Structures are given as structure tokens and as C-alpha cells.
Amino acid sequence: MDLSIATTKLQALRGDMTGHTNRDDERRILDLLKGATGEELNFLLSNVDLVRLLSDVDDRPVGPDHHTELLDLLCTHRAPELSLPVRASLATALQKGATHSQAERRLRDLFLALKGRELTAFKNLLDAGGDYHDLQHLLFDDVDDLTVRTELLTHFQREAEAVPSGENKILSDIDDTFFANWVDPRYPKKTVYPGVLTFYQELDRGPGLIPGRAGDLTFVSARPQDPLGLIENATLESLRERGVPLAVMLSGSFIYLVGNTRIAQKKFDNFERYARLFPEYGFVFVGDSGQGDVEFGAKMRAAQPQAVRAVFIHDVVATPEPKREEWRAQHVFFFDTYVGAAVEAFHAGVLCRDGVDRIAAAAVESLAAIAFTSPAQRQAREAELARDLSRVQALPRAMPA
């Protein structure tokens, strides 16, 4: 690609998009995009506001249907030439604002043209936008046409059966799982638990010698979603400020906000939807014992025992050991520290041995930096961690058979 020529075309495109766009401007835009090479087209679409482009080019009651022509061009005729990131940006632009029936059909076309690992990569790109406009919102809120939605979900399932990913999506609660914020009195409020970030990273990496795709962390929260996604976006920003890389969030509902059983049911409904979006994946859930997560995790395992590889429960209510053992038989593992969680994850086959060591090192460093409210509180946490560090020393170096 001649960059100088592509840059000149980009300047012309931006010029035609400046101010009010009449039919002559729209015609020039269409002709410019039609005449671009594949490399130029990707360059142009990567460097303009696609939401604005789609809104600037209109269909008219009397006159040319330039908007339809633009969608034909980008979503059908030239779509095979688009890189996956550009295709994902185009899908996101179609999702923004009111998603009309034509936009839903074009979104369908963008998905159905992809198969196997390309489809998985495309879905992951759409799910990693950093706000509430994620894949679940697109399929279950923006796409109203049940026929289109069914076509897409059927396509996802068919391709998953043909090309399973072999990896796990990591689902996690937030309060009293990621940081102390609800029931847990053992740490100062808002303390990020020692080792939790590395635990997420190592679960995402997987148990194999070759690391899996990074970016498979999704938060499943009881926090309600408002129509504008303000609560969800604020929560994601709060997580980023505390060191969480780009993640997805499956929110709760105001009507399911009270009562552990209702909270667990809403989380399960979200999980069922998410599993339909990513049937090529397995799942691991990390929650706590304070607000419906045990019930949710057990329900996940009962519904999809092959897909849900393990459930890890941060114990904030001092569950007796006999009860923990009962849950262990159901692949629901209680833990007190994230070093203990790492030991359980190694035994469950979802974490590599070196990953356990990295989590242990991170937990030791993080614990030392916490400003506890009393010496007794620090000593109790150090004793818990020391106990679980001794369990790490007893682990074999190889993955359990």
C-alpha cells in the first residue's frame, strides 16, 4: 500500500464527512470506498469514525439509497477483505444507537461469513470493547429479531462443535471475591485480595506449556445494569484502576438485587446466555461464600458438568471443614487465600505448577503492602497465608493425572 495515496484518500473521506453530508458528498464517499484496494479500505475504516460514517450516509424517501449501498459494500461485497479488528469496529458501529432491522441483518452477515477460530476471535474482539456494548448486549438486547438471533446462536454452536477452543473463560464475582467490600471483615474495605490478579492471569493462561489466549476474564456481578450502562461502565473503570486488564461484565438486575437465591438465579441466567455465546469454551468460576455464589456455582456445574471445569469459593463466613469436603466432591472448592485457591486449581487441572508458584510470590508481596487496622488482623492473615504456602511446597512439579 502506498501510504501517501492512502493518506490523501483519508483526507478526502474526512473532508466529505465534515458538516452536513448531502447526496453528492455521499456519492463521493461511496465511490472512494469502492475504488480502494483491500489494504486501503482497512486503513480508511481504521481511521474514521465509523458510527458517524454510517449515520452520515442516508437512504432517502425520494432519491438514492446510499445507506443501503454502503452497508452492501462493507458488510457483504468487501467484507472478506476486512481485517477482524476492522470488522469488529464495523459491527460495534452498527450496534451503537438504535439497531434497526437492516443493521441486525448486516450484523448477521458479518458473523455468518466467519467460521472456526476466526469466528471465535471475532466474538472475543466484540466482547472486549471495555464498556457495556459487549457481545451479550449485542445478541440479547440490540438484536430484537428472534430469527436473526437464532441463526447466530445456531451458527455459534455448530462452529463450536467443529472447532472447540480448548480454553476456559474465567468468570468471577467482584465483592468479597476480587476485593473486600461486603461481608468479609478480615481485610480493610476495598482491599484487593493478595494474589487474586495473578490467579486470574494464570487461570487465563491455562494448564498447558503453551499459554492460552489472554483476555478471557469476565465478571459476573449482582450489581444492577441501568439502561445506559452507567453502573457497569463505572464498575469496569473501578476494576481497571485496581489493576484488572480489559474485562467483560455480566450485570445483575434491580429486581434480583435482594436475596441470595434471586441473586444466584440472575447470575445463572447470565451464565446460560454467555455459554450460548461461547460454546467452544470451558468455564471456571471464582466467587465467595457470602452472597449466593455457592448456589450459583453448584447450579452451573449441575447444568453443564462437562463445560464447567471447576468452581472456587473464597470463604468469608468460616464454612466448617466437613461442609467444605461435601462441596469438594462436587468440584466446588472453598479457599481462604488465593494461594490455597491455586493449590486447588492445580489439583483440578486448570492451572500449571509454575503458575501456583507465581501466584504464591504475588500473594506474599501484596500481603506485605496492606495497611491492616491492627497487628492482630495482620498476624491472622499471615498465618493463613503461611499455612497455604506450606501446601504449595508439598505439591508435585507435574500436573496431576
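A few comments on the model shown:
- Test for residue 85: is it at pLDDT 90 or above, assigned by TED's automatic domain parsing to the domain that holds residue 144, exposed (fewer than 13 other Cβ atoms within 10 Å of the Cβ) and under 27 Å from the mean Cα position of the chain (by Cα): no
- Here 340, 355, 290 are screened, and the one residue that is within 18 Å of residue 201 (Cα to Cα) and over 23 Å from the mean Cα position of the chain (by Cα) is 340.
- Within the range 369-390, the set of residues being basic (Lys, Arg) and surrounded by fewer than 17 Cβ atoms within 10 Å (Cβ to Cβ) comprises 378, 387.
- Pairs linking a residue in the range 12-35 that is outside any loop (DSSP other than H, G, I, E, B) to a residue that is surrounded by 10 or more Cβ atoms within 10 Å (Cβ to Cβ) and basic (Lys, Arg), with Cβ atoms under 7 Å and 6 or more positions apart or on different chains, are 16/28; 32/9.
- Qualifying residue in the range 176-199 (condition: in the same structural domain as residue 83 (by TED's automatic domain parsing), closer than 18 Å to residue 217 by Cα and within 18 Å of the chain's Cα centre (by Cα)): no
- The single condition from (1) surrounded by 13 or more Cβ atoms within 10 Å (Cβ to Cβ); (2) in contact (Cβ under 8 Å) with a residue 60 or more places away in the chain that residue 348 fails is (2).
- Selection count, the range 153-173, where residues are within 18 Å of residue 202 (Cα to Cα), surrounded by 18 or more Cβ atoms within 10 Å (Cβ to Cβ) and of a type outside the set (S, T, N, Q): 5
- Single match in 171, 139, 146, 152 (criterion: touching a Leu at 6+ places or on another chain (Cβ under 9 Å), of a type outside the set (Ser, Thr, Tyr) and without any contact (Cβ under 8 Å) to a residue 60 or more places away in the chain): 152
- For the range 94-109, a residue qualifies if it is buried (at least 20 other Cβ atoms within 10 Å of the Cβ) and either not in a helix (DSSP H, G or I) or not basic (Lys, Arg) (or both), and the qualifying residues are 94, 95, 103, 104, 107.
- Filter result for residue 366 (in contact (Cβ under 8 Å) with a residue 40 or more places away in the chain, buried (at least 20 other Cβ atoms within 10 Å of the Cβ) and of a type in the set (Ser, Thr, Tyr)): no
- Meeting the requirement of 1 or more residues that are modelled with pLDDT under 90, the helices (runs of 4 or more DSSP H) wholly within the range 110-217 are 116-127.
The values are calculated or read from the model by the stated rules, or taken from the named source; none is laboratory data. Note that this is a predicted model, so its numbers are computed, not measured. Ideal geometry is used to build each Cβ from the backbone, glycine not excepted, and the neighbour counts take in all protein chains shown.
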